[in-house]
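Chemist: Quick one: the structure is below, questions incoming.
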Amino acid sequence: MDDREAIRELYRRYWQSMIAKDTDSLRSLLAEDYVLMHMTGVKQSRETFLSGLTDGTFNYDSADHDSIEVAVNGDRATMIGKSRVTAAVYGGRRTSWRLRGDFTLRKENGAWRITGSKASTY
């Protein structure tokens, strides 16, 4: 499997783990210095984001992927994932979203880790 396909698979595992609220798996996919920027502009560290998954702030039910674009430059990469997601967040009702995630990644000890993501819609 080449780097681009490994990163695409990482994106699929990322969503599977979010839906399952599998924070151990997510911790293995997200770099320690990971930062998420929500659509609102709010930034969260890895641990703050994972706490939101476990405390019910973020509830993901499904994710169907429309596209996963990857560009690799040595041990760094960018990825744009576009997925149709069903979720209930911040106490809101369950809604379908067309989410775009702009990701940055770094290869650490031979494995790709997500270092940042910015959420928007498409």
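Each value in this text was obtained by applying a stated rule to the coordinates, not by laboratory testing. Here the structure is a predicted model, which is why all the values come from computation and not from measurement. FYI the Cβ positions are ideal-geometry reconstructions off the backbone, even for glycines, and counts take in every protein chain you see.
Chemist: Based on DSSP H runs of at least 4 residues, each adding -39500 (n - 2.57), what is the mean residue ellipticity at 222 nm of the chain after dividing by all its residues, to the nearest 500 deg cm²/dmol?
Modeler: Calculated at 222 nm, the ellipticity per residue is -8500 deg cm²/dmol.
Chemist: Same structure, new question: Work out the FRET efficiency for Glu5 and Gln44 from their Cβ-Cβ distance, taking R0 = 30 Å, and round it to the nearest 0.05.
Modeler: On the way: r = 29 Å, r/R0 = 0.95.
Once rounded, the FRET efficiency stands at 0.55.
Chemist: By what distance, in whole Å, do the Cα atoms of the chain stretch along each of the three principal axes, largest value first?
Modeler: 41, 28, 25
Chemist: Which ordering of Thr57, Thr115 is given by a fewest-first count of other beta-carbon atoms within 10 Å?
Modeler: Thr57, Thr115
Chemist: Multiply the residue separation of Ser51 and Glu69 by 0.36 nm, subtract the distance between their alpha-carbon atoms, and state the gained length in nm to one decimal. Don't skip to the end; give the middle numbers.
Modeler: Details: separation 18, 0.36 × 18 = 6.48 nm, distance 2.84 nm.
Once the chain is fully extended between Ser51 and Glu69, it gains 3.6 nm.
Chemist: In Å and whole numbers, how far do the C-alpha atoms of the range 1-69 stretch along each principal axis, longest first?
Modeler: 35, 26, 25
Chemist: Please pull out the direction-averaged projected area of the range 36-75, using the convex hull of its alpha-carbon atoms, in nm² to one decimal place.
Modeler: For the range 36-75, averaging the hull's shadow over all directions gives 4.6 nm².
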